[in-house]
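Read through the structure below, which is laid out as structure tokens, and then see the notes.
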């Protein structure tokens with residue numbers, strides 16, 4: 001083991017929570033995995049990932065029409081900021097729920113929240129209801145995201161983890177092309193509401209195979225008396241609530257949620273509020289948010305108040321974790337200032353692309369980054385290193401943003417715009433998965449869930465910051481530029497054009513009104529891309545700060561039957577599976593990963 005890594009692990013392990021029931025449960029279940037049950041579980045993971053991926057690629061194309069239906073197209077960034085804030089704060093508590101209650105229970109809670117969110121979105125009658133639905137939807141979707149990564153960490157060794165962590169991204173190779181036509185058909189033959197409502201049926205059905213695999217192996221572990229005693233046995237109602245308060249760190253969750261919600265959301269509203277930054281309510285929200293952000297680390301570091309912090313600050317003193325989280329932050333901040341949320345609108349208005357064509361062009365990034373991530377994961381498995389690819393990816397990512405500034409402009413061809421998306425996608429695919437792997441490599445197995453939660457939390461905060469910047473720039477520039485460029489007889493329509501994408505597209509190409517709209521969109525997009533380039537610059541020095549671990553020399557002491565390990569490390573493991581069954585399992589994993 002690398003000496004620096006050994007120090008990292010010893011420091012984290014000394015404070016690790018080794019007694020949480022959910023952790024012990026999954027370790028017990030891991031000792032009961034067989035070839036067929038593990039294959040079934042991963043097929044279930046793939047099915048859930050495919051469903052959520054197709055849903056995301058479909059509904060991304062519907063959001064602008066949902067907000068436009070309420071004459072609030074400009075608030076699309078606010079919708080995404082709400083999603084980003086919830087995505088940021090829900091990951092650590094969802095990881096905590098998985099550790100306290102169990103993996104199956106956490107998966108079930110996530111699916112339930114997911115469905116509630118889509119029911120509310122499908123039935124919303126105003127943009128406020130639609131935006132508030134993002135709380136439930138984002139909690140469910142991001143819960144599934146973190147839980148899938150935790151499950152992969154539970155069932156694979158470090159050398160193969162990058163490859164299997166990419167498994168949930170594989171469906172994007174298909175869904176990026178299928179999503180926009182589905183959205184187009186929904187809008188053509190039904191309404192945007194059905195585009196949200198149908199997933200309340202599809203997702204629970206897709207979740208059943210994974211739930212069944214986890215449930216059956218949990219029951220098998222119970223029959224073999226491997227499960228720990230329940231911490232809830234003999235607890236009073238008051239004692240149960242007290243246990244949850246400390247285990248889930250509810251106060252810390254409230255502080256962090258309030259901090260980012262009260263800081264980021266007002267940024268997208270300030271430019272359209274009365275008297276702009278002189279609006280007292282907006283200033284008050286930002287001040288209170290800053291106070292919550294300052295109080296949060298003091299609360300989390302006070303062991304007498306919270307012995308089990310949900311966002312472990314000690315992990316952020318680890319150099320690899322800190323650098324990896326920084327990479328994730330800037331990676332997503334750049335993505336949400338250059339590609340989401342307004343590139344789709346830009347393509348339909350300035351480039352005059354159809355819903356399907358614009359959706360495909362936006363999702364070129366997702367397709368390219370997914371292919372790249374899978375290829376890099378295979379290379380990492382055979383080279384046993386990850387740092388080189390992060391540095392190369394940071395350089396390509398920054399170069400791609402520079403190409404966007406040059407070629408995402410009025411008069412550029414479709415090939416030039418798609419080419420820049422491909423360049424940025426290659427860089428992005430070399431950043432995200434290896435950075436997460438580097439964070440996980442710096443800690444012991446008991447801390448993998450917490451470290452993954454911290455990484456994905458910072459990633460989502462970066463996305464929320466990027467969305468807030470996009471919303472602030474968009475709402476500050478588009479109205480003023482429309483007022484400046486629109487002909488006098490169309491000045492009164494500026495607010496309607498700003499608030500409704502459909503109306504902005506309705507003006508005839510080449511008309512004075514359409515030229516003014518195109519120019520306003522283009523100049524605003526140029527500002528966003530310059531900001532994105534500035535945000536991408538720190539990625540290169542951060543990549544150089546990461547330690548170059550040799551992954552095959554790191555033993556995270558993962559207990560149970562995991563993919564990629566040829567030997568049984570648990571005492572009595574062969575007694576559970578039987579000598580013959582154990583030999584078959586070893587041979588299966590050797591063949592699987594050869």
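Each value in this text was obtained by applying a stated rule to the coordinates, not by laboratory testing. Computed from a predicted model, the values in this text were never measured in an experiment. Note that we place each Cβ from the backbone using ideal geometry, even for glycine, and neighbour counts take in every protein chain shown.
Please report the spacing between the Cα centers of the range 147-169 and the range 123-145 in Å, no decimals. Distance between centres, Cα-based: 27 Å.
For the pair residue 534 and residue 224, a Förster radius of 41 Å applied to the C-beta separation gives a FRET efficiency near 0.15, rounded to the nearest 0.05. When Rg and Dmax are taken over the Cα atoms of the range 296-421, they come to 19.6, 62 Å.
How would the range 337-404 be classified by its alpha-carbon gyration tensor: rounded, prolate or oblate, with rounded meaning a/c under 1.5 and the a/b versus b/c comparison settling the rest?
prolate
The share of Cα pairs per 5 Å bin across the range 284-363, counted from zero up to the longest distance, runs 3, 12, 12, 12, 14, 13, 9, 9, 8, 5, 2, 1 percent.
Exposure proxy check: 386, 189 ranked by fewest other beta carbons within 10 Å? Write down the numbers at each step before the final one.
On the way: 386 25, 189 8.
Least crowded to most crowded, the residues run 189, 386.
Stretching the chain fully between residue 244 and residue 112 yields a gain of 45.5 nm (0.36 nm per residue, less the alpha carbon separation).
How high is the FRET efficiency between residue 35 and residue 526 when r is their beta carbon distance and R₀ equals 51 Å, given to the nearest 0.05?
Here the calculated transfer efficiency is 0.40.
Compare the peptides 193-201, 163-171 by average per-residue count of other Cβ atoms within 10 angstrom and give them in order, highest first. Could you put the intermediate results ahead of the total?
Values: 193-201: 18.4, 163-171: 20.9.
Peptide ranking by packing, descending: 163-171, 193-201.
For the range 370-483, the Cα-based Rg and Dmax, in that order, read 17.8, 58 Å.
Of the peptides 252-261, 349-358, the order by per-residue mean of other Cβ atoms within 10 Å, starting with the highest, comes out as 252-261, 349-358.
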